[in-house]
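The values are calculated or read from the model by the stated rules, or taken from the named source; none is laboratory data. Note that this is a predicted model, so its numbers are computed, not measured. In this analysis, Cβ positions are derived from the backbone assuming ideal geometry, glycine residues included, and neighbour counts consider all displayed protein chains. We work out accessible area using only protein heavy atoms, side chains counted, and drop any ligands, DNA or RNA first. Shrake-Rupley method; radii C 1.70, N 1.55, O 1.52, S 1.80 Å.
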Amino acid sequence: MALTTAGYYLGTKVLFDKSIPDAPCSMEIANGAFINDEYQKYQFNGAITLWLKNNMITVFGVYDTADGMKKLTRSILLDHIKRKSKVVTADVKSTAIAPSDEVQGLESFFASKGEPLTFHFQRIKSGEYLVTINNNWVALCKEH
């Protein structure tokens, strides 16, 4: 009986209690109003995908300021990744800016090279997480 109970508990924890997403997890941002590192207001519409198994974040969307709309396309590579319970911490290793990216002078979308990132996940239901990034960005993240 004890062996059955232990097996059930471990199986349930392994299969159903995912506190951090295994698959790529995307956040769709619509009409997000933010302030950049230069204290200028901007609006972001697009998708941010966390590829935790690949140590990467990809960003694709439209960055809209008083100067107009521009396409933002980049990948943020992560280093020194630590996973503990519902929290993932990492440092930004580098940012790869695509040739089609039109946002000039903005190297630190989320964080600059060497800066830390902290992701806190709260599972809502299977495949969906509420994620807080550096205690100032909250979004719904869906696995695919």
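If I go through the range 84-134 residue by residue, how many of them are more than 16 Å from Ala23 (Cα to Cα), among the basic types (Lys, Arg) and surrounded by fewer than 14 Cβ atoms within 10 Å (Cβ to Cβ)?
So the count comes out to 1.
Mind listing whichever residues of the range 33-48 are closer than 23 Å to Gly127 by Cα and either surrounded by fewer than 18 Cβ atoms within 10 Å (Cβ to Cβ) or free of Cβ contacts under 8 Å to residues at least 24 places away in the same chain (or both)?
Step one: filter the range 33-48 for residues closer than 23 Å to Gly127 by Cα, giving 45-48.
The answer is Asn45, Gly46, Ala47.
Mind telling me which of the residues Val92, Val87, Val62, Val103 ends up being touching a His at 6+ places or on another chain (Cβ under 8 Å), in contact (Cβ under 8 Å) with a residue 12 or more places away in the chain and hydrophobic (A, V, I, L, M, F, W, C)? Before the answer, list the steps.
Values: Val92 fails: touching a His at 6+ places or on another chain (Cβ under 8 Å); Val62 fails: touching a His at 6+ places or on another chain (Cβ under 8 Å); Val103 fails: touching a His at 6+ places or on another chain (Cβ under 8 Å).
Answer to the selection: Val87.
In the range 1-11, which residue that is assigned to a helix (DSSP H, G or I) and open to solvent by 50 Å² or more (accessible area, probe 1.4 Å) is modelled with the highest pLDDT?
Initially, the range 1-11 is screened for residues assigned to a helix (DSSP H, G or I), giving 2-11.
Checking the rest, the ones that are also open to solvent by 50 Å² or more (accessible area, probe 1.4 Å) come to 2-5, 8-10.
Numbers: Ala2: 60, Leu3: 54, Thr4: 56, Thr5: 52, Tyr8: 50, Tyr9: 45, Leu10: 45.
Ranking the candidates gives Ala2 first.
Could you please give the count of residues in the range 58-83 that are among the acidic types (Asp, Glu) and open to solvent by 80 Å² or more (accessible area, probe 1.4 Å)? Give the steps one after another, and end with the answer.
At the first step, the residues of the range 58-83 found to be among the acidic types (Asp, Glu) are 64, 67, 79.
This time we only want the ones that are open to solvent by 80 Å² or more (accessible area, probe 1.4 Å), so: 67.
Count: 1.
Would you please name the residue that is modelled with the lowest pLDDT, looking only at residues in the range 23-50 that are outside any strand (DSSP E or B) and touching a Leu at 6+ places or on another chain (Cβ under 8 Å)?
Of all residues in the range 23-50, those outside any strand (DSSP E or B) come to 23-24, 36-40.
Then keep just the ones that are touching a Leu at 6+ places or on another chain (Cβ under 8 Å); that gives 24, 36-37.
Values: Pro24: 97, Asn36: 79, Asp37: 76.
Per the stated criteria, the residue is Asp37.
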